[in-house]
Amino acid sequence: MELFGIKWVGVSAENGQKLLLSMIFVAAVLLISVVTKALLGKVAAGDHDPGAQLKFWMRQGVSLLSAVVLILGLLSIWFNDPARLATAFGLMSAGLAFALQQVITALAGYFVILRGSTFTVGDRISMGGVRGDVMRLGFLQTTIMEMGQPPSVQAADPAMWVKSRQFTGRIVTVSNSRIFSEPVFNYTREFPYIWEEMTIPITFKEKRALVEEILLEAAAKHGVAVDKIPADESALIQRNFGIGTDDMKPHVYFRITDNWLELTVRFMVGTHSIRSAKDAMSREIIQRFDAGDIGIASATYDIVGFPPIEIRRGRPRA
């Protein structure tokens, strides 16, 4: 094609028609995709409602279908000759495999997440060093609403200023390729609860039986009540995970140390109500300890001697 006295290499009337047709085709597919997703509604972050989950997977299906239609349509427009199509596809595949390794790995991770049911929108996970609730799942990245960390893991990278498992307000994007190199921890998939522990140190002279009773009653009151779990859900947990009813009830474990006796109460709680449950338990335990004249042990030091002290008084100068 010659324009302004210049012969443009690779530009012809046929290519111009293909370019125009490609733009119209891409705009039409994207418009249909956007309209279809709008009709399905928006997915609320952290919503575990089955209807919201269905909407999410339908939106993912629309995105995948749109991508496939775009690829097939553009290939049909530009490479209508099978021989040219095979050559172009081979060269394109080799170039993409070399230049877009991370992108291809992230895309493969997306399909693994879908196929393996690793997590879905609303699940609470730990992935790529980030803990929080999944807000969105894209072809290349997963968007997470970050949450804080307990004091025992405050030194983790990145460090947190929220000292419990509550939202920090930061939105973090993690590449889907992380599932191939690091483990993914899911707090809510399949098993809807989590075990928590609270440790109380007391002196060896305290009323151990009363302390154990207080801890068990507080855990049973503010944790998951095993007798209130639906029978079908309890049977499903026992069948799939081999966890009996006794394993789900609160237990207190003793540990002897050099300075005091540690009583650790282990109990089940919902994944999104850990801090509120432990706060209510702490308030009740302190109140009942005060009423029962029970003290919490703390580190003490005995001074067994002092070095000799010599005081000298000098003569006043004239």
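No lab work stands behind these numbers, since they all come straight from the coordinates. From a predicted model like this one, the values you see are computed outputs, not experimental measurements. Glycine gets a Cβ as well: all are built from the backbone with ideal geometry, and neighbour counts include every protein chain shown.
Considered as an equivalent ellipsoid built on the Cα gyration tensor, region 193-291 has semi-axes of 27, 15, 11 Å, the largest given first.
Looking at this model, which pairs from Lys207/Lys278; Lys37/Lys278; Lys37/Lys228 are more than 30 angstrom apart at the alpha-carbon? Exceeds cut-off: Lys37/Lys278; Lys37/Lys228.
Sparse packing (at most 10 other Cβ atoms within 10 Å of the Cβ) combined with a DSSP loop state is found for the following trypsin sites (Lys or Arg not before Pro) in region 168-264: Lys205. 3J(HN,Hα) along region 166-183: 10, 5, 8, x, 8, 9, 10, 10, 10, 5, 5, 5, 5, 5, 8, 10, 9, x Hz, from the Karplus curve 6.51 cos²θ - 1.76 cosθ + 1.60 with θ = phi - 60°, whole Hz, x for Gly and Pro. Three principal axis extents of region 239-281 based on alpha-carbon atoms, in descending order, are 42, 26, 11 Å. Rounded to the nearest whole Hz, the Karplus-based 3J(HN,Hα) values (6.51 cos²θ - 1.76 cosθ + 1.60, θ = phi - 60°) of region 140-146 follow the sequence 10, 9, 10, 9, 10, 7, 5, with x at glycine and proline.
When the chymotrypsin sites (Phe, Trp or Tyr not before Pro) in region 176-218 are filtered for DSSP coil states and for at most 11 other beta-carbon atoms within 10 Å of their beta-carbon, the remaining sites are Phe204. Taking all C-alpha pairs of region 171-223, those more than 18 Å from each other amount to 61 percent.
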